[in-house]
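One structure is given below, encoded as structure tokens.
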Amino acid sequence: MKPKLHHINLSTDKVEEMDAFYREVLGLERCDEDIPALRMDEEVYAGDVTFLTDGDIHLHIARKDVEAGFRTGQLVNPVLEGHVAYRVDDIEAFKTHLEAEAAPFSNWGDSAVAGWHQVYFYDPEGNVIEVHERRT
Amino acid sequence: MKLKLHHINLATTDVTGMDRFYQRVMGQARETAGLPVLEKKQGYAGDVAFTTDGNIQTHLAQRDVMAGMATGQVVNPVARGHIAFRTDDLAAFKAHLDAKGVPYSDWGNRAVAGWRQIFFYDPDGNVIEVHEVEE
């Protein structure tokens with residue numbers, strides 16, 4: 001399966017203000033289905049996140065966490081500048097594909113989200129991309 | 001007036017390299033349907049490549065930090081890219097922004113023939129586009 005856009009993550013110091021803006025100005029709605037079960041492990045990432053949707057694509061507004069890369073030893077920190085997240089149905093096949101394309105990735109596994117196996121990498125412009133498989 | 005995500009625009013100095021990456025690594029396809037017809041003589045003449053995951057488009061646009069200066073527009077959507085939503089009633093959405101006290105740059109159809117576009121900032125300074133396709 002080709003990666004399909006699942007969500008856009010905006011990482012911010014102003015979670016409440018951003019959440020209000022996207023609901024009140026853009027008209028997005030809160031969503032409680034198909035959202036990540038954040039482990040809230042302070043050794044990994046325990047920021048507050050709100051989940052919004054336009055009915056199809058989700059918007060995650062996440063507490064910016066500059067230290068998450070150092071804390072976890074991961075080279076890509078997805079909650080520094082935010083990221084664009086795609087879903088696949090076979091993350092192992094996608095990792096093999098990335099290796100074949102010589103695209104290095106940061107393998108977060110399911111350390112941040114129970115039941116989601118996540119990898120993060122950079123596009124040529126340095127934008128952070130997530131690809132995940134939901135296993136629950 | 002309900003908004004639906006239409007595309008993600010990534011501004012870049014290497015359109016060809018980004019286009020290759022999004023097709024080869026991300027498996028996206030060349031988008032051929034429903035593309036904006038770029039007006040190249042009214043302030044932005046950059047190259048743009050269009051790809052899609054089958055549902056949402058990715059626009060890979062030549063970065064142009066001077067597009068705001070060239071057009072007199074405060075918000076420059078091709079300096080750092082943007083997130084674009086489509087509405088079926090832009091006039092109503094502009095009235096909504098006015099009521100909320102959110103300022104916006106009204107690009108009209110000067111960048112894209114047949115699309116009327118506005119751009120504004122979220123509280124973090126991310127650039128949001130809302131557009132309506134003209135009948």
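Every read-out reported here was derived from the displayed coordinates using simple, explicitly stated rules and does not represent laboratory data. Remember, predicted model here, so these are calculated numbers, not experimental data. We place every Cβ from the backbone using ideal geometry, glycine too, and count neighbours over all the protein chains shown.
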Members of A:K2/B:K2; A:K2/A:K64; A:K14/B:K40; A:K95/B:K40; B:K41/B:K94; A:K4/B:K41 lying beyond 32 Å, as alpha-carbon distances in this model show: A:K14/B:K40; A:K95/B:K40; A:K4/B:K41
Ratio Rg/Rh [Cα only; Rh per Kirkwood] for chain A: 0.95
Rounded FRET efficiency, nearest 0.05, which uses the C-beta distance separating B:D98 from B:V37 and R0 of 30 Å: 0.55
0 to 90° range, to nearest 10: angle between helix A:91-100 axis and chain A longest Cα axis: 60
Spacing of the two label points (7 Å from each Cα toward its C-beta) at B:D106 and A:D56, in nm: 2.9
Projected label distance in nm at A:D34 and B:A91, using a 7 Å step from Cα toward the beta-carbon: 3.5
Average partner coverage of B:8-18, which counts Cβ from other chains inside 10 Å: 3
Nearest-ten-degree value, helix B:90-100 long axis tilted from longest Cα axis of chain B: 60
Distance from region A:1-39 to region B:51-68 (C-alpha centre basis), Å: 21
For B:A79, residues with placed amide H under 5 Å, excluding near neighbours: B:D64
Derived scalar couplings ³J(HN,Hα) [region A:112-121; Karplus, 6.51 cos²θ - 1.76 cosθ + 1.60; whole Hz; x for Gly, Pro]: 9, 10, 5, x, 10, 9, 10, 10, 10, 7
